[in-house]
Amino acid sequence: MSRIREKNQELIIQVACQLFAEQGYAATKVADIAKVADVPKPNIYYYFKAKDNLYRAVLESVTLPLLEASKPIEQLDDPSEALSEYIKAKLRISRDHPYASKVFANEVMSGAKYLPEDIAEKLHAQSTMIIAKFTGWIERGAMADISPQHLMFTIWAATQTYADFSWQICKVMEKDQLDEQDFADAATFLTQLVIRGCQLEQA
């Protein structure tokens, strides 16, 4: 892929992320994306063929990092270290992919009507892996006997809120946008909360 083609695709996906997040899938027109991106409408069809394909590219821009984020859970044996790294990875997604995160959240809240089946299956397999790993730690006495499902849900909610509810969070914190220190502070706090809740020692 040429650098120009790659750059144009990245621009279109970035603009589509914002418009899909703000307006929803159905209300967002390809013409709207072309206008904001300042590219000819035929270029979008040239690169993506159809609006559905562009929407998939937007979803992949956040689901691929989401799938990568669980690598610490999968690969590390120490629950404290694994949970700490997982929380950091999830917060990086909220920091680096805020609009795409909102698109994904809106898609899930609307019943995942447009979520491609293969992506849904990968996300479900990831959840199954995480729950199994948490269960294994509990069974060997490495972690408190807590609900592995609700631990996973809590981490999801606590990390993704920094993207999905950024307007509210920024209002409370009286700033236009969150900075690096805000995400670092969030990682420290959430890690301590989870570690203590699971009765673990800090890694």
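Worth a mention:
- Residues of segment 54-90 that turn out to be among the hydroxyl-bearing types (Ser, Thr, Tyr) and surrounded by fewer than 17 Cβ atoms within 10 Å (Cβ to Cβ), as a count: 0
- Of everything listed in (1) more than 25 Å from His97 (Cβ to Cβ); (2) surrounded by 11 or more Cβ atoms within 10 Å (Cβ to Cβ); (3) not charged (D, E, K, R), the single unmet condition for Ile130 is (1).
- Pair list, Cβ < 7 Å and 6+ apart or interchain, from segment 65-93 residues that are under 19 Å from Phe183 (Cα atoms) to residues that are modelled with pLDDT of 95 or more and of a type in the set (Lys, Arg): Ala69/Lys90
- So Gln160, is it farther than 16 Å from Tyr86 by Cβ and part of a helix (DSSP H, G or I): no
- Taking first residues from segment 112-123 that are within 14 Å of Leu66 (Cβ to Cβ) and partners that are among the polar types (S, T, N, Q), the Cβ contacts under 7 Å between residues at least 6 apart in sequence or on separate chains come to Ile119/Thr63; Leu123/Thr63.
- Residue match in segment 91-107 (condition: over 14 Å from the mean Cα position of the chain (by Cα) and either surrounded by fewer than 22 Cβ atoms within 10 Å (Cβ to Cβ) or of a type outside the set (Val, Ile, Thr) (or both)): no
- Among (1) modelled with pLDDT under 95; (2) within 24 Å of Pro116 (Cα to Cα), the one test that Asp38 misses: (2)
- Conditions (1) over 17 Å from Ile131 (Cβ atoms); (2) assigned to a helix (DSSP H, G or I); (3) free of Cβ contacts under 8 Å to residues at least 12 places away in the same chain; (4) not acidic (Asp, Glu): number failed by Ala187: (3)
- Looking only at residues in segment 40-53 that are among the basic types (Lys, Arg) and in contact with a helix residue (DSSP H, G or I) (Cβ under 7 Å, 6 or more places away or on another chain), the one that is surrounded by the fewest Cβ atoms within 10 Å (Cβ to Cβ) is Lys41.
- Residues of segment 139-151 satisfying the condition of being surrounded by fewer than 18 Cβ atoms within 10 Å (Cβ to Cβ) and hydrophobic (A, V, I, L, M, F, W, C): Ala142, Ala144, Ile146
- Condition check for Ile146: outside any helix (DSSP H, G or I), out of contact with any Lys or Arg (no Cβ under 7 Å at 6 or more places or on another chain) and β-branched (Val, Ile, Thr): yes
- Ala120 vs. criteria among the small types (Gly, Ala, Ser), at negative phi and in contact with a helix residue (DSSP H, G or I) (Cβ under 8 Å, 6 or more places away or on another chain): no
The values are calculated or read from the model by the stated rules, or taken from the named source; none is laboratory data. Since the structure is predicted, the reported quantities are computational estimates derived from the model, not experimental observations. FYI the Cβ positions are ideal-geometry reconstructions off the backbone, even for glycines, and counts take in every protein chain you see.
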